[in-house]
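Each remark here refers to the structure printed beneath this line.
The values are calculated or read from the model by the stated rules, or taken from the named source; none is laboratory data. Quick caveat, the model's predicted, so the values are computed rather than measured. As a convention, Cβ positions derive from the backbone with ideal geometry for all residues, glycine included, and neighbour counts pool all protein chains shown. The accessibility values were calculated without ligands, DNA or RNA, using every heavy atom of the protein model including side chains. Shrake-Rupley method; radii C 1.70, N 1.55, O 1.52, S 1.80 Å.
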Amino acid sequence: MSSVATLQGADVQESHDTHQHHHHHETFITKYVFSQDHKMIAKQFLVTGMIWAIIGGLFSVIFRLQLGYPETTFPWLEDFLGHWAKGGKLQPEFYYALVTMHGTILVFFVLTAGLSGTFANFLIPLQVGARDMASPFLNMLSYWFFFLASVIMFSSLFVQTGPASGGWTIYPPLSALGDASSGSKIGMDLWLISMAMFIVSALLGGLNYITTILNMRTKGMSMTRLPLTVWALFFTAVLGVLSFPVLLSGAILLLFDRNLGTSFYLSDIAIAGKILPNEGGSAILFQHLFWFLGHPEVYIILLPAMGMSSEIISVNSRKPIFGYMAMVGSLFAIAILAFLVWAHHMFVTGLNPFLGSFFVLLTLLIAVPSAIKVFNWLTTLWRGSIRFTPGMLFAIGFVSLFISGGLTGIFLGNSALDLHLHDTYFVVAHFHIVMGVASFFGMFAGVYHWFPKMFGRYLNNTLAYIHFWVTIIGAYLIFWPMHYEGLAGMPRRYYDFSNWESFKMFGSLNEFISFVAMIVFAVQLLFVFNFFYSMYKGRKVTSTNPWGSNTLEWTTPIQPGHGNWPGEIPEVHRGAYDYAKDGHEFIPQNVPVGADETHH
Amino acid sequence: MSTTAIPTNTKWWNGGRSPFNASYGKVMMWYFLMSDAFTFGAFLISYATLRFSLNDWVDANHVFNAFPFFGHQDLPLAFVSLMTFILIFSSVTMVLAVHEGHKMNRKGVENYMILTILGGIAFLSCQAWEWTHLLTGEHFALTKSGAIEMLNTTVSHNPWGHRISGEVLTNALRHTSPDVLRSMILEHNHSATLASLKDLNANELISKIDLNEVYVGRSGPAAFGSYFFGITGFHGFHVFSGVVINIVMLAKTRLGHFEQRGHYEMIEKAGLYWHFVDLVWVFVFLCFYLI
């Protein structure tokens, strides 16, 4: 009796058993809007994430215009942005708003919700062999809280005083005092409220992902047979569930400081000669609370990309992943260390140097599991029968970017070097390569690889190859020069460098970076076009397993309905990486172990 | 559904069954509580950080010494002990409700759920009284202006600093407004009236104040009120949600939903949440009243 309910949420059980009867009751609203099907929710996250990515990317193009061409005016900007670009010149206040919103949107709305929201929802039930998430209803709520957060954040773009503009890290006192800048007024409150909604969404999603992976695996799917995608999404969810609440606490205290006259983060401050009554608070306290989320957040963004790349690289090398258990172990090590390194963002806050050296040690320790992963990807590729599908190219691109960005992380993790590099373009280059672009590559790899499963059609390959080559070359052209600028001391978050003698020599370099950024942005629009065009007009998928992959999602029909498998859920007899074994090109997980097979 | 019957010889983690036979709902509740523990943990750690970075805090025995209907009697921590007892006792009745659920005794579940809900409401009422008492009660405190003022306890006012006496006090009295001086007299001299004090000048008023009877402190760190109202408020909101959840559970029990379902697991899940809220209170109690 209850053993059935134990495995599958009651709603799904019902919808499957009575599938025939219920089918015609599905309306547009229940199928496309308030859907409880994990695959539809995944698509909702993906499309919302793409819209945000376009907005966030567009913002970066606009502020790159200012950085690349500080002397030029663009009259069309005024038509577009009104008084924020008076006379065709971006105003400093709005420059900061754009930078802040670019970071917020890309970090949270695109690479957290858009990435894990899409692929955790889509892949977990399909790959562990479940009809749906543990709680489809909470899963639906998770999307709609994200949607609510999106609406609030979007509306903050249109308030009179502009959106939040104190940087995506919203450090007080700037963010705590409404009089400190125009972006610290209502826009900041909307930012905090939006993030609170976002955290609820992340929590509901994360609880579902963890529970589904632990409780809903099909028969034979032991933890050590899980595809690495699922392992990565599992650790991502654990990180999110334990770190986002701390940001929530920090945000609530900040809201109190802003609106109720408390002094959690404020002490001894004067604005425009007026001494404020706040006493006894600590601005550093906020940084601790923020980075306790902020650092795990980096891995929340990165781990899904790692998991998907592992899977895609193995499938398209036609070889087992090298060191499966080492891959799982290194994910685990990264997840643990992610919680113990937050203060490496705070070396210059006056942190006790002894404490600093503790954080340096733990930070550099992350290089060990990271290197294990990189070597395992490379050894998986080594002597493989590589198929350069678009998904595979992006997965390899991910490895390349992860190495490049990871190496500069070793520089920044040293407190002695960080004193010089902190808040320079070196940092901008580092985190854009290692978590921004790299995670985007993981996301693109996932979209190209699983698009056939999502929509029953392929993306256009020619457009995909153009997308890949322009993006990877462009990304390096944009961010590589920034390392030199940073080493020369060029600070991030400045509106205009042309007044500094020491940074004048970077004028033409900045122009070049801005020029490439525009081209790369244009190519992303090509991807968006490819996505929506192929959704309706792409080449149709004709076999259930087009990539010759072992994982369970390819045992479903080409376009699975709610409940995923029309008949019984397949039983699993082997791990996910039996490629090139005993003369077989691949052996799916649901194939029983034959008598002639060598021991696995 | 591939697994209608579960073979008993499979291992916990091999798939096809839930590890430890825990239902997904209970597992999910445990993860939620872990996550919520991090929220409270962040609040309490930031409280501790700020409190121990300040030289001065409040004396809980002095702040929390009132009891409803007992007037000005000094009863340190008596009321909060009662509140804590009520909340812990409601956890006991919750356990009994879960126990009755295991026995499939609907009447028993109903009775114990009613007691649990009443316990939760009683706790919230106590908290409401305590908050009102702090927010409306005015106390004499030496403020930054150098004068004695009447302050209530809010997120930005804290009249509970160290007691002042001697020269500091006499100096402060000289800068204090006549209105406050009159209130100080009325505080202990019950035969005096506002009319009788109206025509006295400041020096005459000061001479009428019995400095052994009137408690005057420095104004303490505002962070006390900020954290006290912030954290007990956040906890109170959790208790409130718990009461609402328990009322829904009671209604579902009454309507026979769980009897039809064949188990009272929802009561268990609500119980997990309720015990968590009680456990958090133990930490809040420790941080604000005992340490």
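Of the residues making up the stretch B:160-184, those that are assigned to a helix (DSSP H, G or I) and touching a Gly at 6+ places or on another chain (Cβ under 7 Å) number 1.
Working carefully through the options A:Phe256, A:Phe264, find the one that is in a loop (DSSP other than H, G, I, E, B) and closer than 18 Å to B:Phe40 by Cβ. Don't jump to the end; show me each part of the working.
Numbers: A:Phe256 fails: in a loop (DSSP other than H, G, I, E, B).
The conditions single out A:Phe264.
Looking at the stretch A:404-425 only, could you name the residues that are part of a helix (DSSP H, G or I) and under 26 Å from A:Phe375 (Cβ atoms)?
A:Ser404, A:Gly405, A:Gly406, A:Leu407, A:Thr408, A:Gly409, A:Ile410, A:Phe411, A:Leu412, A:Gly413, A:Leu417
Every listed requirement among (1) facing chain B (nearest Cβ under 9 Å); (2) crowded, with 24+ Cβ neighbours inside 10 Å; (3) assigned to a helix (DSSP H, G or I); (4) in contact (Cβ under 8 Å) with a residue 60 or more places away in the chain is met by A:Thr224 save one, (2). Any chance the stretch B:94-105 includes a residue that's at positive phi and either assigned by TED's automatic domain parsing to the domain that holds B:Ile247 or in contact with a helix residue (DSSP H, G or I) (Cβ under 7 Å, 6 or more places away or on another chain) (or both)? Yes; the residues of the stretch B:94-105 include at least one that is at positive phi and either assigned by TED's automatic domain parsing to the domain that holds B:Ile247 or in contact with a helix residue (DSSP H, G or I) (Cβ under 7 Å, 6 or more places away or on another chain) (or both). When the residues of the stretch A:251-270 are filtered to those that are more than 7 Å from chain B (Cβ to nearest Cβ) and small (Gly, Ala, Ser), the one that is least open to solvent (accessible area, probe 1.4 Å) is A:Ala251.
Candidates in the stretch A:202-215 are the residues that are open to solvent by less than 10 Å² (accessible area, probe 1.4 Å) and more than 7 Å from chain B (Cβ to nearest Cβ); of these, the one that is nearest to A:Val591 (Cα to Cα) is A:Ile213.
In summary, A:Phe322 fulfils each of the numbered conditions (1) of a type outside the set (Gly, Ala, Ser); (2) part of a helix (DSSP H, G or I); (3) in contact (Cβ under 8 Å) with a residue 24 or more places away in the chain with the single exception of condition (2).
Within the stretch A:282-303, the residues that satisfy the criterion of being in contact (Cβ under 8 Å) with a residue 60 or more places away in the chain and within 11 Å of chain B (Cβ to nearest Cβ) are A:Ile284, A:Phe286, A:Phe290. Among the conditions (1) open to solvent by 50 Å² or more (accessible area, probe 1.4 Å); (2) within 22 Å of A:Met392 (Cβ to Cβ), A:Ala595 misses just one, which is (2).
Being assigned to a helix (DSSP H, G or I) and either open to solvent by less than 10 Å² (accessible area, probe 1.4 Å) or modelled with pLDDT under 95 (or both), is that true of even one residue in the stretch B:5-14? Working first, answer last.
Narrowing the stretch B:5-14 to residues assigned to a helix (DSSP H, G or I): none.
No, every residue in the stretch B:5-14 fails to be assigned to a helix (DSSP H, G or I) and either open to solvent by less than 10 Å² (accessible area, probe 1.4 Å) or modelled with pLDDT under 95 (or both).
Does any residue of the stretch B:51-62 turn out to be under 27 Å from A:Asp268 (Cα atoms), of a type in the set (Lys, Arg), more than 9 Å from chain A (Cβ to nearest Cβ) and surrounded by 14 or more Cβ atoms within 10 Å (Cβ to Cβ)? Within the stretch B:51-62, one or more residues are under 27 Å from A:Asp268 (Cα atoms), of a type in the set (Lys, Arg), more than 9 Å from chain A (Cβ to nearest Cβ) and surrounded by 14 or more Cβ atoms within 10 Å (Cβ to Cβ).
Condition check ((1) more than 10 Å from every other protein chain (Cβ to nearest Cβ); (2) open to solvent by 70 Å² or more (accessible area, probe 1.4 Å); (3) of a type outside the set (Phe, Trp, Tyr)) across all residues:
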| residue | (1), (2), (3) |
| --- | --- |
| B:Ser18 | no, no, yes |
| B:Phe70 | yes, yes, no |
| B:Pro76 | yes, no, yes |
| B:Phe85 | yes, yes, no |
| B:Leu96 | yes, no, yes |
| B:Leu115 | yes, yes, yes |
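Summed over the stretch A:299-334, the residues that are open to solvent by 10 Å² or more (accessible area, probe 1.4 Å) and closer than 23 Å to A:His432 by Cβ give a count of 1.
Do we find a residue being farther than 30 Å from A:Ile41 by Cβ, open to solvent by less than 70 Å² (accessible area, probe 1.4 Å) and in contact with a Ser or Thr (Cβ under 6 Å, 6 or more places away or on another chain) anywhere in the stretch A:461-471? No - not one qualifying residue is present in the stretch A:461-471.
Taken over the stretch B:101-121, the residue count meeting the criterion of being under 21 Å from B:Gly256 (Cα atoms), part of a helix (DSSP H, G or I) and free of Cβ contacts under 8 Å to residues at least 40 places away in the same chain is 5.
Report yes if B:His162 is outside the structural domain of B:Val244 (by TED's automatic domain parsing) and closer than 22 Å to B:Tyr289 by Cα, otherwise no. Yes, satisfied.
Among the residues here, A:Leu192 does not qualify as in contact (Cβ under 8 Å) with a residue 12 or more places away in the chain and in contact with a Gly (Cβ under 9 Å, 6 or more places away or on another chain). Filtered by the rule that a residue be assigned to a helix (DSSP H, G or I), among the hydroxyl-bearing types (Ser, Thr, Tyr) and in contact with a Phe, Trp or Tyr (Cβ under 7 Å, 6 or more places away or on another chain), the stretch A:273-309 gives a lone residue, A:Ser309. For the stretch A:547-564, indicate whether the set of residues that are within 30 Å of A:Thr424 (Cβ to Cβ), more than 14 Å from chain B (Cβ to nearest Cβ), touching a residue at least 24 places away in the same chain (Cβ under 8 Å) and part of a helix (DSSP H, G or I) is non-empty. No, the stretch A:547-564 contains no residue that is within 30 Å of A:Thr424 (Cβ to Cβ), more than 14 Å from chain B (Cβ to nearest Cβ), touching a residue at least 24 places away in the same chain (Cβ under 8 Å) and part of a helix (DSSP H, G or I). Within the stretch B:185-194, the residues that satisfy the criterion of being part of a helix (DSSP H, G or I) and open to solvent by 70 Å² or more (accessible area, probe 1.4 Å) are B:Glu187, B:Leu194. Looking across the stretch A:303-349, the residues that are modelled with pLDDT of 95 or more, of a type in the set (S, T, N, Q) and more than 20 Å from the chain's Cα centre (by Cα) come down to A:Ser314, A:Asn316, A:Ser317.
Being modelled with pLDDT of 95 or more, within 23 Å of B:Ala37 (Cβ to Cβ) and not acidic (Asp, Glu) is a description that applies to A:Ile213.
Quick check on my filter: what residues within the stretch B:144-184 are hydroxyl-bearing (Ser, Thr, Tyr), buried (at least 20 other Cβ atoms within 10 Å of the Cβ) and touching a strand residue (DSSP E or B) at 6+ places or on another chain (Cβ under 7 Å)?
Initially, the stretch B:144-184 is screened for residues hydroxyl-bearing (Ser, Thr, Tyr), giving B:145, B:153-154, B:156, B:165, B:170, B:176-177, B:183.
Those left that are additionally buried (at least 20 other Cβ atoms within 10 Å of the Cβ): B:153, B:176.
Across the stretch B:144-184, the qualifying residue is only B:Thr176.
If you go through the stretch A:36-73, how many residues are part of a loop (DSSP other than H, G, I, E, B) and open to solvent by less than 40 Å² (accessible area, probe 1.4 Å)? Break it down stepwise before answering.
If we filter the stretch A:36-73 for residues that are part of a loop (DSSP other than H, G, I, E, B), which is where we start, we get A:36-37, A:69-73.
In the following step, the residues that additionally are open to solvent by less than 40 Å² (accessible area, probe 1.4 Å) were identified as A:37, A:70.
Summing the residues that are part of a loop (DSSP other than H, G, I, E, B) and open to solvent by less than 40 Å² (accessible area, probe 1.4 Å) in the stretch A:36-73 gives 2.
If the condition is being open to solvent by less than 20 Å² (accessible area, probe 1.4 Å) and within 18 Å of A:Val61 (Cα to Cα), then the stretch A:482-505 contributes A:Met482, A:Phe497.
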